[in-house]
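Trainee: What follows is a single structure, and I will ask about it in a moment.
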Amino acid sequence: LRLGASGDMPGGFGYKVEIDFAGSDVAVTDAILSYNAGGGLTLSAGQMNNFQSLEELTSSLHTTMIERAAFTDAFGFVRQVGVAAEWSGGDVLVQAGLFSDNMDNLPNQKRGGDARVVYMPKLGKTQLHLGGSLHYKDLPSGSTVRYRQRPLVHFTSDRFVDTRALAADNEVGMGLEAALISGPFHVAGETFWQRTNRPAGLADPTFFGGYAEAGVFLTKGDTRGYKDGKFDRTKPKSPVGSGGTGSLQLTARYDFLDLNDAGILGGTQDGYLLSLAWKPTEYTMLLANYGRLEYDNAAIATATGDRSYGVDAFGVRAQI
């Protein structure tokens, strides 16, 4: 359950606050004060998403999979406290900010910066999206990092790829993203490289993740939503309650994560994923996902000691 409030205030100010209730945990997701400076420029301060990845910045209400791409979780993409500026002019969006850490982990000495540029022209009825992002995080002396990921569904604690704790001085990341929406069809893909710079004498590994997906609506007149450099809400052309059946979307994805480099054997995960999403109305959805995850150099061995094997995962979600 997520409860929130957002709105505008006199003088060009705005706010957004969201609280997430999951299991026995209560956490602040967004807590943002913004200012519209005019000319397409918006300034923000508070806890927010730093500017990494189309998939990460798209609301979990509007993603095609129950969970986001493996690299976004493995590389620790989380909301952080900081200050940011966004400029939008026609088909171009520029975002940049200085960030510390998620408020649950503060205070600490982590400091970093993120920047993202998106080109998003409309070519007739076709929406194009091209973007790139840069990430830097300076870590206090004696810090460690750990990159790992679950097999598609996050309600399991099993992580078959895992670097374990690595001593680190800083992180440097670079991402590329692309998408296209044309009528009932869409394609999207991203790549991300995460370099961990380690103390003197230790090799500096670069880990990699990415995905490519293609989807189609099986119902007439439906298309995927897009707004401000990210995917947005799908609005069924013929919703249930108005004489229709809602929208039905089928999506296939290949999801890859490689945590092997510079002597670190965290394992590789190849995900072959299918998603079926039915939206009876604009604000309700039933989502079913299947994933076949293939592992090499897995962090968890089988009873016979094998570290190369496959895992099947299936998950469903109902949301309003």
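Trainee: In this structure, is Pro151 assigned to a loop (DSSP other than H, G, I, E, B) and crowded, with 21+ Cβ neighbours inside 10 Å?
Mentor: Taking the combined requirement at face value, the residue satisfies it.
Okay, residues lined up against (1) under 25 Å from Leu286 (Cα atoms); (2) open to solvent by less than 50 Å² (accessible area, probe 1.4 Å); (3) not hydroxyl-bearing (Ser, Thr, Tyr):
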| residue | (1), (2), (3) |
| --- | --- |
| Phe51 | no, yes, yes |
| Leu61 | yes, no, yes |
| Thr64 | yes, yes, no |
| Gly97 | no, yes, yes |
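Trainee: Step by step: first the residues of the stretch 235-271, then only those that are in a loop (DSSP other than H, G, I, E, B) and either closer than 14 Å to Met65 by Cα or aliphatic (A, V, I, L, M) (or both), then the one that is least open to solvent (accessible area, probe 1.4 Å). Which residue is that?
Mentor: Only one residue tops the list, namely Ala262.
Trainee: Pairs please, first residue from the stretch 190-205 and within 12 Å of Leu166 (Cα to Cα) and assigned to a loop (DSSP other than H, G, I, E, B), second anywhere and aliphatic (A, V, I, L, M) and modelled with pLDDT of 95 or more, Cβ atoms under 6 Å, 6+ apart in sequence or on different chains.
Mentor: Arg198/Ala167; Arg198/Ala168; Pro199/Ala167; Ala203/Ala262; Pro205/Ala262; Pro205/Ile264
Trainee: Looking at the stretch 264-303 only, could you name the residues that are in contact (Cβ under 8 Å) with a residue 12 or more places away in the chain and of a type in the set (S, T, N, Q)?
Mentor: Of everything in the stretch 264-303, those that are in contact (Cβ under 8 Å) with a residue 12 or more places away in the chain and of a type in the set (S, T, N, Q) turn out to be Thr268, Gln269, Ser275, Thr281, Thr284, Asn289, Asn297.
Trainee: Say we look at the stretch 278-292 and pick out the residues that are out of contact with any Ser or Thr (no Cβ under 9 Å at 6 or more places or on another chain) and not β-branched (Val, Ile, Thr); which of these is surrounded by the fewest Cβ atoms within 10 Å (Cβ to Cβ)?
Mentor: Tyr283
Trainee: Test Thr234 against the criterion of being over 30 Å from Lys137 (Cβ atoms) and of a type in the set (S, T, N, Q), and give yes or no.
Mentor: The answer is yes for Thr234.
Trainee: For Asp114, indicate whether it is charged (D, E, K, R), at pLDDT 95 or above and over 30 Å from Val161 (Cβ atoms).
Mentor: So Asp114 fails the test.
Trainee: Given the residues Gly229, Gly215, Gly183, Gly189, which is the only one that is over 16 Å from the mean Cα position of the chain (by Cα) and either closer than 26 Å to Phe51 by Cβ or open to solvent by less than 20 Å² (accessible area, probe 1.4 Å) (or both)?
Mentor: Criteria check complete, one pass: Gly215.
Trainee: For the stretch 185-216, enumerate the residues that are more than 19 Å from Val118 (Cβ to Cβ) and either of a type in the set (Lys, Arg) or touching a Ser or Thr at 6+ places or on another chain (Cβ under 6 Å) (or both).
Mentor: Passing the criteria: Arg195, Arg198, Pro205, Gly215.
Trainee: If only one of Ala45, Ala5, Ala84 is surrounded by fewer than 18 Cβ atoms within 10 Å (Cβ to Cβ), of a type in the set (A, V, I, L, M, F, W, C) and under 30 Å from Trp193 (Cβ atoms), which one is it?
Mentor: Selected residue: Ala45, the only one of Ala45, Ala5, Ala84 that is surrounded by fewer than 18 Cβ atoms within 10 Å (Cβ to Cβ), of a type in the set (A, V, I, L, M, F, W, C) and under 30 Å from Trp193 (Cβ atoms).
Trainee: Can you pull out the residues in the stretch 153-180 that are under 20 Å from the mean Cα position of the chain (by Cα), closer than 21 Å to Gln52 by Cα and at pLDDT 95 or above?
Mentor: Across the stretch 153-180, the qualifying residues are Glu171, Val172, Gly173, Met174, Gly175, Leu176, Glu177, Ala178, Ala179, Leu180.
The values are calculated or read from the model by the stated rules, or taken from the named source; none is laboratory data. Keep in mind that this is a model prediction, so the values were computed, not measured. In this analysis, Cβ positions are derived from the backbone assuming ideal geometry, glycine residues included, and neighbour counts consider all displayed protein chains. Accessible surface areas use protein heavy atoms only, side chains included; no ligands, DNA or RNA. Shrake-Rupley method; radii C 1.70, N 1.55, O 1.52, S 1.80 Å.
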